[in-house]
Amino acid sequence: MFGYYIFLGFEKILMLVPHSWRKALFNGVATLAYSVDKKHRLVIKQNLQFIYGDKADAAFVEKVSRYAYKNLALNILFTIERRHLAIEEFEKKITFKNREYVEKILAEGRPVIYTAAHLGQWEVGGSAISAFVEPLAVIYKVMSNPHFEQYLLASRGKFGITNVAHHGALKPLIKQLRKSKSIALLGDTKTSARDGVLVNFLGKDAYQVSTPATLARKLNATIIPVASFTDDHENYTVEFYDEIDVSTIEDEDEAIQKATQGLADWLTKLINEDPRQWFWLHRRWKSDYPEIYQTKA
């Protein structure tokens, strides 16, 4: 509780200074975190070497690692600033690309399962869709500190996002889709054979969450991949990608497998285009290849 109130005091002071100062501060924090956080720097290195092999030399690993910390820090800064951001000001920062993909589906009265990843500015993307396209329901993992959890949920709810706890999330998500209302899911976290299907992701066979494909198949929803990017961390492009179909294959298991592989292919392409954009700090392949995290620095 005491730590939370200290944080609120820090937030209050932070919001008194210009945005450029806040961004410079968080860039500095990212640089410091990169310098002292050997544990997660090692995870990034292990992941990159596993995927890119000899191409992941020291210069490549450092470049990706430094940006990973910067990007995470600025996602956190947006979470703080979002609580104080006017919707008119937010709208000026957002450009949508391929919005017609979504409008076509909504005009048909079908719900959309926006499938994103820890890529680029994921916090910006969800808020932008919920504020300017349609309100969303999203899943969150319960935090150990309830005060910080409520802070995060209030920030995400600023622009119309409905937060659904991870445990027991399936029923409220199904209810949302049956009302022809849309949801957003992250599809790049580690999983197991029980909760996913085997796909080829970044050139490696691994299990991937199949929930988007399963829900879309059973509830006549549409999967639209989405990602958010920025060149200056001031203005953002939220890009929608082609629908991933789950309805034209008669066999349900085959349809779910193909759609989940389609999402893996989409994300693989984006990561390979700019590896810095993905969240390499987590042990994505811990369930599939635990041995890669046993190496030393």
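The values are calculated or read from the model by the stated rules, or taken from the named source; none is laboratory data. All values derive from a computational prediction rather than experimental measurement. Quick reminder, even Gly has a Cβ in these numbers, built from the backbone with ideal geometry, and neighbours come from all protein chains shown.
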Exercise for the section: Residues that are of a type in the set (Ser, Thr, Tyr): find the strands (runs of 3 or more DSSP E) completely inside segment 195-280 holding 1 or more of those. Expected result: 204-209, 222-230, 236-240
Completion exercise
Picking from Ser65, Ser144, Ser127, Ser155, the residue that is among the polar types (S, T, N, Q), modelled with pLDDT under 95 and either in contact with a Pro (Cβ under 8 Å, 6 or more places away or on another chain) or surrounded by 14 or more Cβ atoms within 10 Å (Cβ to Cβ) (or both) would be Ser155
Fill in the blank from the handout: Exactly one of Ile51, Ile113, Ile80 is in contact with a Pro (Cβ under 6 Å, 6 or more places away or on another chain) and either aliphatic (A, V, I, L, M) or farther than 30 Å from Pro135 by Cβ (or both), and that residue is Ile113
Completion exercise
Only one of (1) of a type outside the set (Ser, Thr, Tyr); (2) touching a helix residue (DSSP H, G or I) at 6+ places or on another chain (Cβ under 8 Å); (3) in contact (Cβ under 8 Å) with a residue 24 or more places away in the chain does not apply to Gly125, and that is (2)
Exercise for the section: Mind telling me which of the residues Arg41, Arg22, Arg110 ends up being closer than 30 Å to Gly157 by Cα, in a helix (DSSP H, G or I) and basic (Lys, Arg)? Expected result: Arg22
Exercise for the section: Please list, ordered by first then second residue, the pairs with beta carbon atoms under 7 Å, 6 or more apart or interchain, first in segment 129-151 and under 25 Å from Glu89 (Cα atoms), second part of a helix (DSSP H, G or I) and polar (S, T, N, Q). Expected result: Leu136/Ser130; Ala137/Gln176
Exercise for the section: Take segment 7-32 and flag every residue that is more than 22 Å from Glu149 (Cβ to Cβ) and either surrounded by 17 or more Cβ atoms within 10 Å (Cβ to Cβ) or touching a residue at least 60 places away in the same chain (Cβ under 8 Å) (or both). Expected result: His19, Arg22, Lys23, Ala30
